[in-house]
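The block underneath contains the structure these notes are about, expressed in structure tokens.
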Amino acid sequence: MAKRKNIDARNSSKVQDKRKHVPTEQELFNGIKSGNKARLGQAITLIESARPTDAQKAHQLVERCLSQKSPSVRIGITGVPGVGKSTFVETLGKQLIAIGKKVAVLAVDPTSSKNRGSILGDKTRMTELSRDPNAFVRPSPSGKSLGGVAQKTRETIILCEAAAYDVVLVETVGVGQSETAVHGMVDFFLLLKLSGAGDELQGIKRGIIEMADAIVINKADGDNIKRAKLAEVDFKRALQLYPPKENGWLPVVRSCSAIENTGIKEVWEVIETYLNDAIDAGYLDQKRRNQNKYWLLQTIEERLKIDFFYHQEIKAQLEIVTEKVMRNETSPFRAAEELLQLWRGH
Ligand code: GDP
């Protein structure tokens, strides 16, 4: 009995030791480079941390990973809840692993928060894929603003690339502007749809068609095959009304069944064709450079907002000024100008 107690005590102190040890930036970097999934997970947690003391370490890590990252393909996937995104990602992911790729799956879900649950994150997702040694699945970071959530995912992509994941799949539900954010961080953007009754373009958010490089109608199985084929024709016809993309690419329409694994290989072939053309024409490089410019501006905007709104004195003044504005004692414009001036003085 005493022996048992000793073992328990030793084990629990081991657990505590493990918990206490906060990995250094060097340890995280080494772990990422050697393909250690646990270390990669810890590194992402560091990136997602809101603690100012973690920020410096996180920046250094991202910078180091940037200089080390291997070439990868970044694919965005969007579609309404229930369209089959997880199932599609799991099937595609397994297929890519079977041809020798390493696959990372990330999510951008602005509804996700530690307390409120989320549209994407809470289900038990992609169980088979997450267990595969060549796959890494990470739910959406939680955060108050889409800008913040997207920023963290963007940095996570860099870590995954440094860990030699050659395909990064970024999934999002179409909440707020999340598609736009994801579109701005990927090479290829795929819209998953279901076949409905007639008028297929109805219910698609404005702008999403312009963003999609491919529209894939999922659940083309059983009684649904015929309807999916009809929807495919409808979409193709409708897409003819849109001008080609900057690089001359005409969005492609396909159908598939993520559950039965039909049509998925063909979707991957479309993506490969797109990428090969884009690489040959120098378009991919150009697109990524433009995305970097966009992210530079986005990051500055996001940081400025945080600096401003989290500034202790501004916080206090903002409360006072808000009261004044509410009582019509000052105009919102004048009050804003005064607050900004106060902030600039710091
Ligand atoms: P998500 O919310 O977009 O991630 O969708 P899920 O992948 O969770 O799928 C929603 C439901 O649709 C689940 O019950 C899936 O089993 C089902 N589903 C997904 N893909 C297919 C498919 O290709 N065919 C059929 N018949 N059902 C599917």
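The values are calculated or read from the model by the stated rules, or taken from the named source; none is laboratory data. All figures in this text were calculated on a predicted structure; none of them were measured in a lab. Reconstructed Cβ throughout: ideal geometry from the backbone, glycine too, with neighbour counts over all protein chains shown. When the accessible area is computed, the model is the full protein with side chains, heavy atoms only, and any ligands, DNA or RNA have been set aside. Shrake-Rupley method; radii C 1.70, N 1.55, O 1.52, S 1.80 Å.
Please determine, by comparing only the residues of the stretch 128-140 that are closer than 17 Å to I77 by Cα and in a loop (DSSP other than H, G, I, E, B), which one is least open to solvent (accessible area, probe 1.4 Å). Here the answer is S140.
In the set (1) modelled with pLDDT of 90 or more; (2) more than 24 Å from V182 (Cα to Cα), Q240 fails one condition alone, (1). In the set (1) closer than 14 Å to A214 by Cβ; (2) part of a helix (DSSP H, G or I), I314 fails one condition alone, (1). Is it the case that the stretch 75-94 has a residue that's open to solvent by 10 Å² or more (accessible area, probe 1.4 Å) and more than 16 Å from the ligand (Cβ to nearest atom)? So far as the stretch 75-94 goes, no, none of its residues is open to solvent by 10 Å² or more (accessible area, probe 1.4 Å) and more than 16 Å from the ligand (Cβ to nearest atom). On inspection, E319 fails the criterion of being outside any helix (DSSP H, G or I), over 17 Å from E246 (Cβ atoms) and not polar (S, T, N, Q). Residue count for the stretch 219-256 under the criterion of being open to solvent by less than 60 Å² (accessible area, probe 1.4 Å) and more than 14 Å from the ligand (Cβ to nearest atom): the result is 12.
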